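The values are calculated or read from the model by the stated rules, or taken from the named source; none is laboratory data. Computed from a predicted structure; not experimentally measured. We place every Cβ from the backbone using ideal geometry, glycine too, and count neighbours over all the protein chains shown.
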Amino acid sequence: DTRLAPSFDGIAVAAPPRRAVSGLIEIRGVSKSYGSHEVLHGIDLTVQPGQVVALLGPSGSGKSTLLRAINHLESIDRGSITIDGQFIGYELRGDRLFELHEAEILRRRTQVGMVFQNFNLFPHLTAIENVTAAPIALKRATKAEALAQARTLLERVGLGDKADHYPRQLSGGQQQRVAIARALALKPNVLLFDEPTSALDPELVGEVLDVIRELAKEGTTLVIVTHEIGFAREVADRVVFLDEGRVIEEGAPAAVLSNPKNARTKEFLRKVL
Ligand code: ADP
Ligand code: MG
């Protein structure tokens, strides 16, 4: 189903997708407004397969909006975003992008896993039911296959013994690890993390970072919004600073975090370190 949403005018495309695609995630000239407030101003960002990118920046700088635009939880007004050469929420017709219908967006969105600050687990489902829900609903696996895969995933995040627990019976760190297992269940090409440890008590942060660190080591492509600068330095291949909807600085963590060039980056790091 690639019908277009009705009465959609199309958005200006910064770069058509058929131009050489070099990265797994290609963000080109992306702008986004809420009403008259433009919160992303022409963002360009390429993420290579297997790369771990830490997205840093002050509150309100547009980090969540950008992350949500990558899997089309937010629409964009200008520019283009592709994952492995494909749009999640749009189809190119002529030189404009038109929004796809929900069913097709949902199908394409399975390429991208997302982990939120507040876990967002289904409260009425057990841990293992949270992990199997999408593969079963989307008929990616039989129930038996989905359950077997979910057990493996829960073991991978250290929760093999919590499969039948409901979210309310789990700590925040455990809930977030279930959320990571759930995000992996559809075998996405990319995982997006939006401040995955911000809602956790300090003693629970480490267990979640350990799981993310393992994913990074295994070569999973990750984009992580975080204020854990030490973690970004250790795990990220690249850090990207966002300020007021613009990429103001990016590069290798050692260089950027130890020796920031931009005054706003310096100020941000002084506050969080
Ligand atoms: P960050 O994640 O870096 O804190 P956000 O992407 O959440 O920043 O927000 C960027 C800007 O967009 C902020 O000024 C915020 O108030 C505004 N914003 C975010 N979501 C909405 C929304 N749904 N409606 C209106 N304004 C929003
Ligand atoms: Mg945010």
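Annotations for the structure displayed:
- Condition check for residue 115: in contact (Cβ under 8 Å) with a residue 40 or more places away in the chain and within 24 Å of residue 241 (Cβ to Cβ): yes
- For residue 40, the test of being closer than 22 Å to residue 220 by Cβ and within 13 Å of ligand 1 (Cβ to nearest atom) is failed.
- Restricting 186, 222 to those that are within 30 Å of residue 131 (Cα to Cα) and not in a loop (DSSP other than H, G, I, E, B) reduces the list to 222.
- Picking from residues in the range 23-46 that are within 16 Å of ligand 2 (Cβ to nearest atom) and surrounded by fewer than 17 Cβ atoms within 10 Å (Cβ to Cβ), the one that is farthest from the chain's Cα centre (by Cα) is 37.
- Residue in the range 236-243 that is in a helix (DSSP H, G or I) and of a type in the set (D, E, K, R) present: no
- Count - residues of the range 69-128 that are touching a strand residue (DSSP E or B) at 6+ places or on another chain (Cβ under 7 Å) and on the phi > 0 side of the Ramachandran plot: 1
- Evaluation of residue 155 against (1) free of Cβ contacts under 8 Å to residues at least 24 places away in the same chain; (2) more than 22 Å from the chain's Cα centre (by Cα); (3) assigned to a loop (DSSP other than H, G, I, E, B) (one fails), failing number: (3)
- Checked against the criterion of being more than 16 Å from ligand 2 (Cβ to nearest atom) and at pLDDT below 95, the candidates 102, 145, 155 yield just one match: 102.
- Among the residues here, residue 191 does not qualify as surrounded by 21 or more Cβ atoms within 10 Å (Cβ to Cβ) and within 16 Å of ligand 2 (Cβ to nearest atom).
- When the residues of the range 47-73 are filtered to those that are of a type in the set (Ser, Thr, Tyr) and either buried (at least 17 other Cβ atoms within 10 Å of the Cβ) or closer than 15 Å to residue 87 by Cα (or both), the one that is nearest to ligand 2 (Cβ to nearest atom) is 64.
- Selection within the range 189-219: residues that are part of a loop (DSSP other than H, G, I, E, B) and closer than 28 Å to residue 141 by Cβ. The member of this set that is nearest to ligand 1 (Cβ to nearest atom) is 196.
- The set of residues in the range 55-66 being within 11 Å of the chain's Cα centre (by Cα) and more than 8 Å from ligand 1 (Cβ to nearest atom) consists of 55 alone.
- Qualifying residue in the range 164-177 (condition: crowded, with 20+ Cβ neighbours inside 10 Å and of a type in the set (A, V, I, L, M, F, W, C)): no
- Selection count, the range 213-243, where residues are within 16 Å of ligand 2 (Cβ to nearest atom) and aromatic (Phe, Trp, Tyr): 1
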